[in-house]
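The values are calculated or read from the model by the stated rules, or taken from the named source; none is laboratory data. Keep in mind the model is a prediction, meaning the values are calculated, not measured. Cβ coordinates were reconstructed from backbone atoms using ideal geometry, including for glycine residues, and neighbour counts include every protein chain displayed.
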Amino acid sequence: MEKLATTHDLQTRLTVVLDTVAREFAHLSDAQLRARPAPGKWSIVECLQHLNLAERYYVRQLQHKTDRLGLVQHNPTDQTLESDWVGRLMLKFLDPKSTTKIPAPGLVRPRSASDLNPAEVMSQFLELQTLQRDVLNKLTYLDWNQEKVPTLFGNWLKMRLGDVVRMLVVHTERHLQQALRTKAEIATFAPVNKP
């Protein structure tokens, strides 16, 4: 897996995420966005807020790395990406195809849907995903195997930059699928508005 091809792939996938959220959720009412399909399951707005909370931390870390680059850049060098055990484990568990459920740490667990403003959550989500997609261009100037990013679990556990950027997109796709399932489930007991 090469860095420049991976960057292009991740940017394309983030564009799909942005388009899907706009197409599938923008026309829903606040009540629909807050509706839980069953007790203990997240609503659409809770899925998106979880992503906002988790990814805001990582996007800031990525921005700090690109801020250190300065203004003048030359052509980015390509490289073959390597994962360490932490990266492989995170990518495996967060993959949308994985059936392993990992409870969200308290730091990134969303407040109850009734306490969230759906319009603000959606706006923050779209802004963060767009920023993440744009930051990827600058990150190509860094060494994705050598640069490390602290995780939400503390500075003692760091991940390779290449693993972090892939993990963020996989994590987003996983919870976007969850939100789409929620939309389908709530449609069975509350008709979903059509655009």
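Within the option set Ala26, Ala31, Ala22, Ala35, being at pLDDT 90 or above and crowded, with 17+ Cβ neighbours inside 10 Å holds for one residue only, Ala35. Pairs are defined by a Cβ separation below 6 Å, a sequence spacing of at least 6 or placement on different chains, a first member in the range 78-90 that is within 12 Å of Thr7 (Cα to Cα), and a second member that is part of a loop (DSSP other than H, G, I, E, B) and at pLDDT 85 or above; the pairs so defined are Leu81/Met1; Leu81/Trp144. Would you please name the residue that is farthest from Pro110 (Cα to Cα), looking only at residues in the range 50-69 that are among the basic types (Lys, Arg) and under 18 Å from the mean Cα position of the chain (by Cα)? Filtering the range 50-69 for residues that are among the basic types (Lys, Arg) and under 18 Å from the mean Cα position of the chain (by Cα), the one farthest from Pro110 (Cα to Cα) comes out as Arg60. Residues in the range 139-150: is at least one in a strand (DSSP E or B), touching an Asp or Glu at 6+ places or on another chain (Cβ under 9 Å) and of a type in the set (Val, Ile, Thr)? Scanning the range 139-150 turns up at least one residue that is in a strand (DSSP E or B), touching an Asp or Glu at 6+ places or on another chain (Cβ under 9 Å) and of a type in the set (Val, Ile, Thr).
Taking the criterion of being touching a residue at least 24 places away in the same chain (Cβ under 8 Å), of a type in the set (Val, Ile, Thr) and surrounded by fewer than 17 Cβ atoms within 10 Å (Cβ to Cβ), would at least one residue in the range 1-14 satisfy it? There is no residue in the range 1-14 that is touching a residue at least 24 places away in the same chain (Cβ under 8 Å), of a type in the set (Val, Ile, Thr) and surrounded by fewer than 17 Cβ atoms within 10 Å (Cβ to Cβ). Restricted to helices (runs of 4 or more DSSP H) entirely inside the range 15-105, those with at least 3 residues that are among the polar types (S, T, N, Q) are 44-67.
Here Ala187 does not qualify as surrounded by 21 or more Cβ atoms within 10 Å (Cβ to Cβ) and out of contact with any Gly (no Cβ under 9 Å at 6 or more places or on another chain). Residue pairs whose Cβ atoms lie under 6 Å apart, separated by 6 or more positions or on different chains, with the first residue in the range 166-195 and under 11 Å from Val17 (Cβ atoms) and the second of a type in the set (A, V, I, L, M, F, W, C) and at pLDDT 95 or above, are Val169/Leu10; Thr172/Val17; Thr172/Leu51; His175/Cys47; His175/Leu51; Leu176/Val17; Ala179/Ile44; Ala179/Cys47.
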